[in-house]
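Below is one structure; the comments refer to it alone.
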Amino acid sequence: RKEVEQDPGPFNVPEGATVAFNCTYSNSASQSFFWYRQDCRKEPKLLMSVYSSGNEDGRFTAQLNRASQYISLLIRDSKLSDSATYLCAEGDSSYKLIFGSGTRLLVRP
Amino acid sequence: NAGVTQTPKFRVLKTGQSMTLLCAQDMNHEYMYWYRQDPGMGLRLIHYSVGEGTTAKGEVPDGYNVSRLKKQNFLLGLESAAPSQTSVYFCASRDLAGRDTQYFGPGTRLTVL
């Protein structure tokens, strides 16, 4: 079983919609989680870190559910510019990150 | 402050040729990483380094070698390129004292014919 799993999508939503992605992880001892945004043919860029129950930054909210071993990313009031692939990552105890395969979001006018 | 840079940005190789990808960071980070990313797949760790002079294998190390002779540079070598190594290669770095946040370079697109 893959350690970090994501629905590949694509999620196709209209501008202004609220959309949520989940990411499941298998290591119950993991302490840190991340959401990265990756635009086509570009490098991943950190969107949010999640170390405890959750984190909020403007229209973006990340939640951690330890009991069910998943993290979620909620995007409110979607913009066209939010179209991208969203990668979740789990930090292991040996300085490495384990990435999911990414969820593709398409925001249409 | 350039962050993480990678050289070259693009390269086409023939099977059996060798090359070295260079990653440089100016943030004085201790940890550096090489990943490859293939279509429909996430980032897979090739090799990483937790400090100058140290290297360790990641998830997919076969066919690659690395060196970290200077803290700011992390080199990825392909001794005998194969078509299966056609990919986008990303380098990343991380601070020792900070959280696990990794910062990525712009990537190198490698095609092996």
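No value in this document is a laboratory result; all are computed from the given coordinates. In this text, all values refer to a predicted model and were calculated from it rather than measured experimentally. Cβ placement follows ideal geometry from the backbone for every residue including glycine, while neighbour counts extend to all protein chains displayed.
Anything in region B:1-20 that is within 14 Å of another protein chain (Cβ to nearest Cβ), surrounded by 12 or more Cβ atoms within 10 Å (Cβ to Cβ), in contact with a Ser or Thr (Cβ under 9 Å, 6 or more places away or on another chain) and outside any loop (DSSP other than H, G, I, E, B)? List them, or say none. Steps first, answer last, please.
Taking region B:1-20 first, the residues within 14 Å of another protein chain (Cβ to nearest Cβ) are B:2-6, B:9-10.
From what is left, the residues that are surrounded by 12 or more Cβ atoms within 10 Å (Cβ to Cβ) are B:3-6.
Subsequent filtering for residues that are in contact with a Ser or Thr (Cβ under 9 Å, 6 or more places away or on another chain) retains B:3-4, B:6.
Hits for region B:1-20 are B:Val4, B:Gln6.
Do we find a residue being buried (at least 20 other Cβ atoms within 10 Å of the Cβ), within 11 Å of chain B (Cβ to nearest Cβ) and either under 21 Å from B:Tyr48 (Cβ atoms) or out of contact with any Gly (no Cβ under 8 Å at 6 or more places or on another chain) (or both) anywhere in region A:8-25?
Among the residues of region A:8-25, not one is buried (at least 20 other Cβ atoms within 10 Å of the Cβ), within 11 Å of chain B (Cβ to nearest Cβ) and either under 21 Å from B:Tyr48 (Cβ atoms) or out of contact with any Gly (no Cβ under 8 Å at 6 or more places or on another chain) (or both), which makes the answer no.
Pick out the one residue from B:Val12, B:Val112, B:Val50 that is closer than 25 Å to A:Phe33 by Cα and among the aliphatic types (A, V, I, L, M).
Numbers: B:Val12 fails: closer than 25 Å to A:Phe33 by Cα; B:Val112 fails: closer than 25 Å to A:Phe33 by Cα.
Unique residue meeting the criteria: B:Val50.
Going through region A:32-67 one residue at a time, which ones are farther than 26 Å from B:Gly40 by Cβ and assigned to a loop (DSSP other than H, G, I, E, B)?
Passing the criteria: A:Tyr51, A:Ser52, A:Ser53, A:Gly58, A:Arg59, A:Arg66, A:Ala67.
What number of residues within region B:50-106 are within 14 Å of chain A (Cβ to nearest Cβ), farther than 14 Å from B:Gln25 by Cβ, part of a strand (DSSP E or B) and in contact (Cβ under 8 Å) with a residue 12 or more places away in the chain?
3
Which residue is nearest to the other protein chains (Cβ to nearest Cβ), if the candidates are limited to region A:68-94 and must be within 14 Å of A:Thr18 (Cα to Cα) and part of a loop (DSSP other than H, G, I, E, B)?
In this case the residue turns out to be A:Ser83.
Given the criterion of a type in the set (Gly, Ala, Ser), touching a residue at least 24 places away in the same chain (Cβ under 8 Å), farther than 29 Å from B:Thr55 by Cβ and touching a Lys or Arg at 6+ places or on another chain (Cβ under 9 Å), identify the matching residue among A:Ser78, A:Ser101, A:Ser53.
Values: A:Ser101 fails: farther than 29 Å from B:Thr55 by Cβ; A:Ser53 fails: touching a residue at least 24 places away in the same chain (Cβ under 8 Å).
Going through A:Ser78, A:Ser101, A:Ser53 in turn, just one is of a type in the set (Gly, Ala, Ser), touching a residue at least 24 places away in the same chain (Cβ under 8 Å), farther than 29 Å from B:Thr55 by Cβ and touching a Lys or Arg at 6+ places or on another chain (Cβ under 9 Å): A:Ser78.
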